[in-house]
Amino acid sequence: MTAPVAIQDCYVTTVDPAGSEYPSGHVVMDQGRVVAAGPGPGPQEFAGATRIDGSGRLVTPGLVNTHSHLYQWITRGYATDDTLFGWLETLYPFWARLTPELLSTAAAANLAWLALTGCTSSTDHLYVFPAGAGDLLEAEILAARRIGVRFHPTRGSMNLGQSAGGLPPDSVVEDHDTILAASQAAIDRWHDPSPESMTRIAVAPCSPFTVTEELMRDCAALARAAGVRLHTHVAETRDEEEFCLETYGCTPAQYAEDLGWLGPDVWLAHCVHLSDEAVARFAATGTGVAHCPTSNGRLGSGIAPVRKLLDAGAPVGLGVDGNASNESGRMIDELHQAMLAARYAGGPQAMSARDCLRMATMGGARCLGRDAELGSLEPGKAADLAVWRIDHLPGAGIADPVTTLVFGAPALDHLFVGGQQVVAGGELRTADPAELAAAEAQASAVIAGTP
Ligand code: ZN
């Protein structure tokens, strides 16, 4: 039984329904949960709590990463000027060499970097399972437990290889029955539906151009029978739209809806090319969107209609996407990029700093079906929180601390996940970044075939 921990004299941004903020406030954690958040030093009953001085600090809910591909951490820097399809065709042969050891290295390094940039909960869309590669899902789940981040991995899949009219080479696709059996086994072994859960599984066939219609339908049925969520890529690029129009006779969003892939238990990555009608259908069905502005810019995919989705009431979270299409991989940067992308398209009022923070926290929690447990600093919610410097060289003196976070150059000071301190004073507590970096360099050479 550990004593409560109180962060005091800090600027608190709760992201509660009223958007409550306290310029000189407190957050108290106990037994893995937030027990108080408000103005002043905090309730008398917590006077004996371990105190952390929060002066010159901004406290926010931990950031939720709603879309990523951790294995890509060791294939960064390739096809830097290509479109999504060209980039994929360059990288599939590398990913065909994936092993549990390589993925363990990539996932630990990637999750460490996410933690160091404010992320307390991350999903992962793992869809490459080369034949005979071993237990890849186990490798990344154990890596997440080592780093200490709350984890929502997916059992992804591809079964539409080149010989069947798909994009990936046949060497990286699996057959339909293998995928369904592996998805069920992943749920049975790893999925924890409890409120404190550190591991929840979702089912995630990769995309319309790598998966058959039958697999999309059967994955949805399997996930719904098991009570787990569904995730895939939809409407990322014009190339994908053309593929869907030629192959299925409809847009990607319509294709998803026809297959039962819109609903409150679904969140979809990218959704860049959505009609107004599709935006309305996403909102009406409660379908979540993982907005990945850095990746969308890196691949020149376009600008997602996020303002329209938010105004319509659809859940929208932020994601770094795989780091082969977002080499910086900084979770906090997605808030900055989301603000810029919305404003490139819609002018200065298209996205505020607080809109971005809400997407990155409560929006992400909604996408993962955990808005009752995560995403805001309210008593009873998980003690997942990030403490940012606002007194450092690039931040001191900026008029509004939330502006520092989204428009400025934020620096993480502390990170707590379920009350456990993962980052302290800007340093990772759960692993040695120098060791992770040395291992990632070696793994990157191995997967490139140049060790
Ligand atoms: Zn992706």
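Points to keep in mind about this one:
- Spatially, the range 319-386 and the range 84-152 are offset by 21 Å when compared through their Cα centroids.
- With Cα atoms, 0 to 90° folded angle of helix 276-285 axis to the chain main axis: 70
- Toward the positive end of the charge dipole of the chain, with +1 on the Cβ of Lys and Arg and -1 on the Cβ of Asp and Glu, the farthest Cα among ILE332, ALA411, SER68 is that of ALA411.
- Per the Debye calculation on the range 13-78 with a single equal scatterer at every Cα and no solvent contribution, log₁₀ I(q)/I(0) for q = 0.21, 0.23 Å⁻¹ amounts to -0.92, -1.06.
- Estimated translational diffusion coefficient (Stokes-Einstein, Kirkwood radius over Cα pairs, 25 °C, 0.890 mPa s) of the range 247-365: 172 µm² per second.
- Theoretical gain in end-to-end length, ASP258 to ALA399 [0.36 nm per residue, Cα-Cα removed]: 45.9 nm
- Percent carbon-and-sulfur accessible area, the chain, ignoring ligands, DNA and RNA, probe 1.4 Å: 52
- Helical runs assigned H by DSSP (4 residues or longer) give the chain a calculated mean residue ellipticity at 222 nm of -10500 deg cm²/dmol, each run adding -39500 (n - 2.57) before division by the residue total.
- ³J(HN,Hα) computed for each position of the range 67-75 - Karplus, 6.51 cos²θ - 1.76 cosθ + 1.60, integer Hz, glycine/proline x: 7, 7, 9, 4, 4, 6, 4, 9, 10
- The range 314-451 pair-distance distribution - Cα-Cα, 5 Å bins, rounded %: 2, 9, 13, 18, 21, 16, 11, 7, 3, 1, 0
- Whole-percent pair-distance distribution, where bins are 5 Å wide, for the alpha carbons of the range 179-301: 2, 11, 21, 22, 19, 13, 8, 3, 0, 0
- Computed Rg/Rh of the range 57-158, alpha carbon atoms with Kirkwood Rh: 1.00
- What you get for the range 280-339, charging only the Cβ of Lys and Arg (+1) and of Asp and Glu (-1), is a dipole of about 200 debye around the Cα centre.
- Computed over protein heavy atoms with a 1.4 Å probe, the accessible surface of the chain works out to 35 Å² per residue.
- If you wrap the chain in the convex hull of its Cα atoms and look at it from every side, the mean projected area works out to 20.1 nm².
- Three semi-axes of the equivalent ellipsoid, the range 41-107, Cα gyration tensor, whole Å, largest first: 45, 16, 10
- Lys, Arg +1 and Asp, Glu -1 on Cβ, resulting dipole of the chain about Cα centre, debye, nearest 20: 960
The values are calculated or read from the model by the stated rules, or taken from the named source; none is laboratory data. Please read all numbers here as calculations on a predicted model, not as lab measurements. Neighbour counts are summed over all protein chains in view; Cβ atoms, including those assigned to glycine, are modelled from backbone coordinates with ideal geometry. The area values use the complete protein model at the heavy-atom level, side chains included, leaving out ligands, DNA and RNA. Shrake-Rupley method; radii C 1.70, N 1.55, O 1.52, S 1.80 Å.
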